[in-house]
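The values are calculated or read from the model by the stated rules, or taken from the named source; none is laboratory data. Fair warning: this is a prediction, and the values are worked out from it, not measured in the lab. Please note: Cβ atoms are built from the backbone with ideal geometry, for glycine as well, and neighbour counts cover all protein chains shown.
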Amino acid sequence: MLPDDVQPNDTRTRLAHPTWWKTPLVASLLGLPFLVLEYHWFRSQDGLDALGGVFYWSTGLLALSWALPHRRSLRTPRILTAGAGLGCVLLPILFALALGAAMTSN
């Protein structure tokens with residue numbers, strides 16, 4: 001006998017991806033501390049100037065990776081969205097590190 005919430009022709013159980021949350025969680029756990037650091041870094045410089053768009057894109061892409069439907073067919077877009085969001089989060093930090101390395105090498 002089936003539970004009351006599952007019908008014999010219910011496709012939700014077959015299409016649902018049971019581990020949909022792992023990729024956005026890993027990207028968020030790695031990117032969120034850097035996102036907060038960048039926000040405070042940008043605010044200390046009187047606003048979001050040249051890299052402000054990267055800040056908004058990274059926030060939007062990480063939020064979109066959580067908001068995508070939980071179907072198995074959207075696993076690849078979810079991974080790409082979370083990876084792009086994480087890449088956008090790390091872009092200003094990596095740019096600052098590369099600039100610091102270039103300035104010290106003379």
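Filter segment 72-106 down to the residues that are surrounded by 15 or more Cβ atoms within 10 Å (Cβ to Cβ) and among the basic types (K, R), then identify the one that is farthest from the chain's Cα centre (by Cα). Within segment 72-106, the match that is farthest from the chain's Cα centre (by Cα) is R75.
Matching residues to (1) within 20 Å of L94 (Cα to Cα); (2) assigned to a helix (DSSP H, G or I); (3) of a type outside the set (F, W, Y):
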position: T23; (1), (2), (3): no, yes, yes
position: A27; (1), (2), (3): yes, yes, yes
position: L30; (1), (2), (3): yes, yes, yes
position: F34; (1), (2), (3): yes, yes, no
position: F42; (1), (2), (3): yes, yes, no
position: Y56; (1), (2), (3): yes, yes, no
position: L61; (1), (2), (3): yes, yes, yes
position: L64; (1), (2), (3): no, yes, yes
position: R75; (1), (2), (3): no, yes, yes
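Here is the figure for segment 44-54: residues that are exposed (fewer than 12 other Cβ atoms within 10 Å of the Cβ) and either modelled with pLDDT of 85 or more or part of a helix (DSSP H, G or I) (or both) total 2.
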